Amino acid sequence: MTSNRILPMSRAISEAIAQEMRADPSVFVMGEDVGTYGGIFGATTGLLDEFGEARVRDTPISETGFIGAGVGAAMSGMRPIVELMFVDFFGVCMDAIYNLAAKNTYFSGGNFKVPMVIMTATGGGYSDAGQHSQTLHGMFAHLPGLKVVAPSNAYDAKGLMKTAIRDDSPVMFMFHKGLQGLAWMASPDAAATVVPEEDYAIPFGQAKVVREGKDVTIVTLSMMVHKALDAADALAKDGIEAEVIDLRTVVPLDRDTILKSVAKTGRLIVVDEDYKSFGLSGEIIATVAERDPACLKSAPRRLAVPDVPIPYSRPMEQFVLPNADKIAAAARESLGKAA
């Protein structure tokens, strides 16, 4: 029964892309090493064998060139999926992302759509240093015109990728390299899930309560969902019931689910692997402060990467990244139960 198969996130993404390519001849893939190699994080494995070089195109190392080409293809009626190998490489192609992909529908008075997926790897924890380890959810969420997706597991990755491909707006599909389930990179067991072979799509802007609780709300996404669930397990041993929300998408942001949860628990912890200042964590806290400040029983807390480049040193990198112990400590502090 296909309904019981468990897939890693990389295979779930490649399956979603393959199914959409079969259904719609305007869908194609391009980027560095997406063909024969299958993407260095496995997101395009098997596509070249089925669809050939015309629809799975390996590109030179020129992000400006192939991101720009993707914008042109999208505006010409195609639905490109362009892999930006690491999100950190956005600097050399930001003009194509922000001044073209994000704005051209607006600039054209709605006469042109840009149905383009920019698929990119995020996340640290592997001593890849400051140019291969950032997350940057907030960077792209801050730019009007882009939708931002960050799945935490294989089931969501397939459904969200299908929605991204079908969307008429440019979508940043940001997968954490540590969730892909690759043989050479450790991944949380829970990232690999049952994934139906059948077609399904997950709407943008619908967060998921992945663990219910009454004492404190933990809002997070991507890899940090798994860290938050580990923290919730530890807190449960102390009689603290933490509610964990997986945002799934940053733009659109499901503010209603966050507000409903915080109204119930009265306490808020926001966890993001992005940088702390001027980012998603502050936006979520501001949402609660603006709409329902009276529900808060204690000051909200945010856990994120301090405002320093991601260190290469493994001990230093682990020091700056949020983890389950830090999340649990913040929850205890919010409840006045610090160890």
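Values as computed for the structure displayed
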item: Dipole axis of the chain (+1 Lys, Arg; -1 Asp, Glu on Cβ), positive-most option in PHE107, VAL87, SER76; result: PHE107
item: For the chain, share of DSSP beta bridges that run antiparallel, in % to the nearest 5; result: 15
item: Residue pairs, from the table LYS264/LYS337; LYS113/LYS177; LYS162/LYS276; LYS227/LYS264; LYS158/LYS214, whose Cα atoms sit over 24 Å apart; result: LYS113/LYS177; LYS162/LYS276; LYS158/LYS214
item: Between 0 and 90°, nearest 10: helix 324-334 axis offset from the chain longest Cα axis; result: 50
item: Estimated [θ] at 222 nm from DSSP helical runs (n ≥ 4, -39500 (n - 2.57)) normalised by residues in the chain, nearest 500; result: -9500 deg cm²/dmol
item: Using alpha-carbon coordinates, inclination of helix 280-291 to the longest axis of the chain, degrees; result: 60
item: Assigned charges on the beta-carbon of Lys, Arg, Asp, Glu; the chain dipole about Cα centre (debye); result: 820
item: Alpha-carbon centroids, region 1-65 and region 281-327: separation in whole Å; result: 34
item: Rotationally averaged projected area of the chain (alpha carbon convex hull; nm²); result: 17.1
item: DSSP beta bridge pairing in region 168-274, given as percent antiparallel to the nearest 5; result: 25
item: Helix axis angle, 255-265 relative to the chain longest principal axis, alpha carbon, degrees; result: 20
item: Separation in nanometres of the label points that stand 7 Å from Cα toward Cβ, at LYS337 and MET78; result: 5.6
item: With every protein chain in place, region 181-339: carbon and sulfur % of accessible area (1.4 Å); result: 53
item: Chymotrypsin sites (Phe, Trp or Tyr not before Pro) restricted to DSSP loop in region 254-339 with at most 14 other C-beta within 10 Å; result: PHE278, TYR312
item: Inter-label distance for VAL92 and ASP189, nm, one decimal - labels placed 7 Å from Cα along Cα-to-Cβ; result: 4.1
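The values are calculated or read from the model by the stated rules, or taken from the named source; none is laboratory data. Just so it is clear, the model here is predicted, and its values are computed rather than measured. Every residue, glycine among them, receives a Cβ derived from its backbone with ideal geometry; neighbour counts consider all protein chains shown. Remember, those area values only see protein heavy atoms, side chains included, never the ligands or the DNA or RNA. Shrake-Rupley method; radii C 1.70, N 1.55, O 1.52, S 1.80 Å.
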